[in-house]
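Beneath this line is the structure, given in structure tokens, with notes to follow.
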Amino acid sequence: RVYSYKLKSGAEEEIYRRMRRSVISMRSVGLVDLPDITYSNHYVTLPPKAQKMYDELVSNFDQEDGLTVNLESVSTSVGLHASDDDEIQISQSATLTGKLLQLASGAIYKDLYADDMKSKEYTTFHDEKFKALKDIVEAATSPILVFYQFKSDLDRMGDYIEFEHLKAKSKDFTDMIRRWNAGEIPVMAVYPGTAGHGLNLQDGGHTIVWLTPTWSNETYRQANKRLHRSGQKNPVSIIHIVAKNTKDEDVIEALDVKEDGQDSLMEAL
């Protein structure tokens, strides 16, 4: 069963009215000298067989009965090869969305909810995003900060580019930040949750590449603020690598909508 939650007519204005009594809004505009920031999408197209598999997952999913996926079977039906023949039970649309985002990025995890550093079992179907990332890196004139979502992204990235990985709680965490800010690391990969708040990375570069987008506007905004903050001397460029005709496009659109909502709230306060 699918539910949709929407505000009642006039509810948004009433929420803002009640908040005004106890909330103060403070903006940095005119107080902090920040450089310009630009956003762009670098589109990639899934190979025909991968796109066909993606479309079959979407069309075969049933809201009532869900979907049972045998990775080897469904990939073979579209001419791809998967070594993993375990079945995945997809009973909710949210779970399906997660799997579609994984496929858009190039690999599907066997575990239902695998989206972080905990799971290692996945099957690869394409590398289109890494080819695009390689082109961006080769054309870059300054260090690049790459945000990723899946461990499979991190594993496969090394086949296309050289990079260093900023790991939370690692012994060289502080030293890597120092080296990045000194311009000694051409490409640094970071899980956005690691760089959510507090890290000052503005001295090391001014380009961010989102290999896989995040649904969380808070995570997205704070991660971008690692470079677009006081002390940054160059215009900041935010690049999203987006797979056409996939959930990637929905995530980017959702971030825009959430940003508009955030701006409306700040304006009201």
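Quick one: pull the percent of accessible area on the range 207-260 belonging to carbon and sulfur, 1.4 Å probe, ligands and nucleic acids left out.
Looking at the range 207-260 in its full context, I get 47 percent from C and S.
Less than 20 Å from a label point 7 Å out along the Cα-to-Cβ axis of Asn200: which backbone N atoms in the range 226-240 qualify, by residue?
Output list for this probe position: 226-236.
In whole Hz, with x marking every Gly and Pro, tabulate ³J(HN,Hα) for the range 99-108 from phi via Karplus 6.51 cos²θ - 1.76 cosθ + 1.60, θ = phi - 60°.
Computed from phi, the couplings for the range 99-108 are 5, 5, 5, 5, 5, 4, 7, x, 9, 10 Hz.
Expected output is a single nm value to one decimal: the length gained when fully extending between Arg17 and Asn217, i.e. 0.36 nm times separation in residues minus the C-alpha distance. What is it?
69.7 nm
Long-range amide H contacts for His240: which residues qualify at under 5 Å (H placed 1.01 Å from N, peptide plane, sequence gap of 5 or more or a different chain)?
Ser40, Asn41, His42, Trp210
Relative to the Cα centre, what is the charge dipole magnitude of the range 124-169, using +1 at the beta carbon of each Lys and Arg, -1 at the beta carbon of each Asp and Glu, and rounding to the nearest 20 debye?
With only Lys, Arg, Asp and Glu charged at Cβ, the dipole is about 240 debye.
Among residues other than Asp36 whose Cβ falls under 15 Å from its Cβ, what is the net charge (Lys/Arg +1, Asp/Glu -1)?
Once positives and negatives cancel, what remains is +2.
Taking the range 133-212 on its own, what percent of its Cα-Cα pair distances exceed 21 Å?
The proportion of pairs with Cα distances above 21 Å equals 20 percent.
Counting only heavy atoms of protein chains, what accessible area per residue, in Å², does the range 139-255 have with a probe of 1.4 Å?
42
Mind checking the full-extension length gain between Asp135 and Lys244? Use 0.36 nm per residue of separation minus the Cα-Cα distance, one decimal, nm.
37.5 nm
The values are calculated or read from the model by the stated rules, or taken from the named source; none is laboratory data. For clarity, every value in this text was computed on a predicted model and none was experimentally measured. Cβ atoms come from the backbone with ideal geometry, glycine included; neighbour counts cover every protein chain shown. Just the protein is used for accessible areas: all its heavy atoms, side chains included, with ligands, DNA and RNA removed. Shrake-Rupley method; radii C 1.70, N 1.55, O 1.52, S 1.80 Å.
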